[in-house]
1. Which translational diffusion coefficient, to the nearest whole µm²/s, is obtained for segment B:1-104 from the Stokes-Einstein equation, given a Kirkwood hydrodynamic radius over C-alpha pairs, 10 °C and 1.306 mPa s?
2. Quick one: with all protein chains in place, what share of the accessible area of chain A is carbon or sulfur, to the nearest percent (1.4 Å probe)?
3. Lysines near B:Lys165 by alpha-carbon distance under 23 Å, same-chain residues fewer than 8 away left out - which ones?
4. At 1.4 Å probe size, put A:Glu29, B:Glu52, A:Glu156 in order of accessible surface, largest to smallest.
5. Could you work out the mean count of beta carbons from other protein chains within 10 Å of each residue's beta carbon in B:161-173?
6. In Å², nearest 100, what accessible area do chains B and A bury in total when the solvent probe is 1.4 Å?
7. Counting helices only, and only those DSSP H runs with n ≥ 4, report the 222 nm mean residue ellipticity of chain A as the sum of -39,500 (n - 2.57) divided by its residues, in deg cm²/dmol to the nearest 500.
8. Using the alpha-carbon atoms, what tilt in degrees (0 to 90, nearest 10) does helix A:28-38 show relative to the longest principal axis of chain A?
Amino acid sequence: MQDETPDWEVERRLDAWAASQPPGGISPELARRVQDALKPSLTPVKPLPPQSTLFAAFFVIFLAGSAGLIAIMNKSGLHEMTPAQIGAVTLICAAAGILLALKITAEMIPGAKHNMQLVSILTLCGIGVFAIFATLFPWEIRGDFVAEGWPCALREITIAVPAAVVLWLVARRGAFFASARLSAALTALAVFLVVLPLQTQCMFLQAPHLLVWHAGTAVVLIGLGAVIGAYAR
Amino acid sequence: MGDGQADDLELRKLMTRYQRADPSALDELVRAVSPPLLRYFSSSRFDRNEAEDLLQNCWLRIHRSRDTYRASEPVMPWMYAVARHTRLDAYRKRRRLAAREVLVGAVPEVLQADNPDVHADNFESMISGLPDAQREVLIMLKVSGMSLEEIARATASTVGAVKQKARRAYATLRQVLGKDSGNAR
């Protein structure tokens, strides 16, 4: 049977290892080199606004974008939906909007406090969307699944991409350390901004159509956002 | 870190003055913050010269992103967050160069408890063999003396996720040390 070293022994070894690490003292020349490199460009800067202000900015864009799109888009799908369907989709979009706006705010500020991992937020929202589409909408396929589906996916991409660009413009000041996470969070917020408007104008309110052409496109877009963020570094 | 809240308040004042373009605040910050940052880089698989280059690069990034610091937040997690990005970019650059240079074979990155090549007499190699995220947590915890909350902020993570990484690192080290002492008997 394999022995396991007790915790105190691991702790002792780690402390000894930490103590053996090179000291951090810096030479006066190195300090001067750093100071001389920075001083010519030392100008006053305005700190980023408080986290609450940044959150409000993202959430207002999300709300205004969603409401604006609903106002200008065809509402044929809205008349087909029951109050429970409208309420559930609105609720999940609002929850996703709040969580993602909070996450983006934390991601754009180095050293900010993070209350939830992005992967947890996306998993929760994904499960929510799946549960709503799968339980509140009928499981049937009417007409041509592909011919009726791809225009919805195209519409989602056409709206979500510019929305993500607008959100990026707001985030860019703090996005010096642009990462896959920030990019995925921005794309996810843009995607959720589109979900409700797309739903209100879609004529094919069946679970397979919604899961494949609406939710599936969203997953692909968020993945692409993450990849672009990772390569943009 | 570990020098307490008084130091953090002092650093916050310096950062605020630095944002207002006070050159003496920059001098004081460089003197106060560089030693722990250099130690962090030196502990992260970089030799002294590379660590000094990284420190200079890190200060350029700190300078360019100084507007993202807010006086209501602790200074060191912000500094370490910038340092962490500097270190990660240096790793990526090093990997790209290594990928171009090494055509055949690969260096194993992840420490496995059943890897017979890893021995307890070289604890440094055990630490080096841990996955990067776990090693980073150990460096911040043990070498930099940061709290879990500070590490979570610096690594853009949650306290729970940091705890989990530390637990996994400890579990792997326990196993490898245990296996090694078992083999020695």
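The values are calculated or read from the model by the stated rules, or taken from the named source; none is laboratory data. Note that the structure is predicted; figures quoted are calculated from it, not measured. Reconstructed Cβ throughout: ideal geometry from the backbone, glycine too, with neighbour counts over all protein chains shown. Accessible surface areas use protein heavy atoms only, side chains included; no ligands, DNA or RNA. Shrake-Rupley method; radii C 1.70, N 1.55, O 1.52, S 1.80 Å.
1. Numbers: Rh = 14.7 Å.
Rounded to a whole number, D works out at 108 µm²/s.
2. Values: 7960 of 11280 Å².
Using a 1.4 Å probe with all protein chains present, chain A comes out at 71 percent carbon and sulfur.
3. A:Lys103, A:Lys113, B:Lys142, B:Lys179
4. On the way: A:Glu29 110, B:Glu52 35, A:Glu156 5 Å².
The ranking, largest first, comes out as A:Glu29, B:Glu52, A:Glu156.
5. Numbers: counts 4, 0, 0, 0, 0, 0, 0, 0, 2, 5, 2, 1, 7.
Averaged over the peptide's residues, the number is 2.
6. On the way: alone 11060 and 14040 Å², together 19750 Å².
Summed over both sides, the interface buries about 5400 Å².
7. On the way: 9 runs with 161 residues, N = 233.
So the helix-based figure for chain A works out to -23500 deg cm²/dmol.
8. That helix lies at roughly 30 degrees to the long axis.
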